Amino acid sequence: MLRVITWCAKCLFLYCLVAVAAIRFSWVFTTPVWQLATRMHWTNLNRISYVLSYFLPIYAVAGFLLGLIPFGKLGEAIRDLLRSLSNSPSTELVSESDAVPPILWAWLPVTLAFLIRFVSWRSTTSSVFDAHRSTGRLERFFGPLYGQNAGLLDDKWITDRFLFTGPMLFLIACAVAALLRSKLTAPRKSHQEPFTPDSE
C-alpha cells in the first residue's frame, strides 16, 4: 500500500513540476521557436501572441523530446560513478525491474482534472435553454489564439491552457516517448531454450 501511495505522489509531483514550468518557464521552449519562425518569415505575430497561439504544440513536442531522455539510466550511472569514487559497499536495495516508472502514468491525474474542467466549462454565450451545450469547447481548450472569440476568452482562459491542457499534452507526449524508448531499447530475447523433455 505504501508503494502505491508513493507512486501516486510521484505522479502528482511530476504534474506539479510541469504545471509550474508551464506557467513560469514556458518561454524557455517557446521563445527559440518564435525566433526561428520570425527569422524564417513563417509568422508576423509578436512573441506573446505567438506563445498563446502555439504554446500547446510546442509544449507537447518538448514533452516528447524530454521523454526520449533516459533519466533513470542517467541517475543509475551517476550513482554508480559516485559509489565507485567513494569506494563504499553498496547498501541500496535493488529496484524491481517490473516496476512501472511514474512518468508512464503521470498524465492520468492531470487528464482527469482536465476532463472535469472540459466537461464542466460553460461559455458566457451559452443558451439558457441548454446550458450544458457550449459551442467552441474544443477551440477554447485546443485552438490557437486567432480562433478564439469573445465568448471563449474569459479570465480563466490562460489558467485552463497553462494548468490543464498544456501539462496534459506534455505528460502524455512524454509518456508516449518514454514507452517508445523503453520498447526500442529493451533487450530482446534472441533465442529460446530448446525444449528438453524430462527423462525418467
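The values are calculated or read from the model by the stated rules, or taken from the named source; none is laboratory data. In this text the structure is predicted, and so the values were computed from the model without any measurement. For neighbour counting, all protein chains shown are included, and Cβ atoms are generated from backbone atoms with ideal geometry for every residue, glycine included. Just the protein is used for accessible areas: all its heavy atoms, side chains included, with ligands, DNA and RNA removed. Shrake-Rupley method; radii C 1.70, N 1.55, O 1.52, S 1.80 Å.
Observations on the structure shown:
- Residues of segment 46-56 that turn out to be open to solvent by less than 20 Å² (accessible area, probe 1.4 Å) and out of contact with any Leu (no Cβ under 7 Å at 6 or more places or on another chain), as a count: 2
- If you go through segment 100-115 and keep only what is open to solvent by less than 40 Å² (accessible area, probe 1.4 Å) and either modelled with pLDDT of 85 or more or touching a strand residue (DSSP E or B) at 6+ places or on another chain (Cβ under 6 Å) (or both), you end up with T111, A113, F114.
- Test: residue in segment 57-71 that is open to solvent by 50 Å² or more (accessible area, probe 1.4 Å), part of a helix (DSSP H, G or I) and modelled with pLDDT under 85: yes
- Search result, residues across segment 74-97 that are open to solvent by 100 Å² or more (accessible area, probe 1.4 Å), modelled with pLDDT of 55 or more and charged (D, E, K, R): R79
- In segment 156-179, the residues that are without any contact (Cβ under 8 Å) to a residue 40 or more places away in the chain form Cβ pairs under 9 Å with partners that are open to solvent by 10 Å² or more (accessible area, probe 1.4 Å) and of a type in the set (S, T, N, Q), at six or more places apart or across chains, as follows: W157/Q148.
- The set of residues from segment 23-45 being open to solvent by less than 90 Å² (accessible area, probe 1.4 Å), under 22 Å from I158 (Cβ atoms), out of contact with any Gly (no Cβ under 8 Å at 6 or more places or on another chain) and of a type outside the set (V, I, T) comprises F29, P32, W34, A37, L45.
- Residues that are in contact with a Gly (Cβ under 9 Å, 6 or more places away or on another chain) and either closer than 21 Å to L66 by Cβ or in a helix (DSSP H, G or I) (or both) within segment 141-159 comprise just one, G147.
- For the residues C8, C16, the requirement of being out of contact with any Phe, Trp or Tyr (no Cβ under 8 Å at 6 or more places or on another chain), open to solvent by less than 90 Å² (accessible area, probe 1.4 Å) and at pLDDT below 75 singles out C8.
- Taking the criterion of being without any contact (Cβ under 8 Å) to a residue 24 or more places away in the chain, touching a helix residue (DSSP H, G or I) at 6+ places or on another chain (Cβ under 7 Å) and among the aromatic types (F, W, Y), the residues of segment 34-88 that qualify are W34, Y50.
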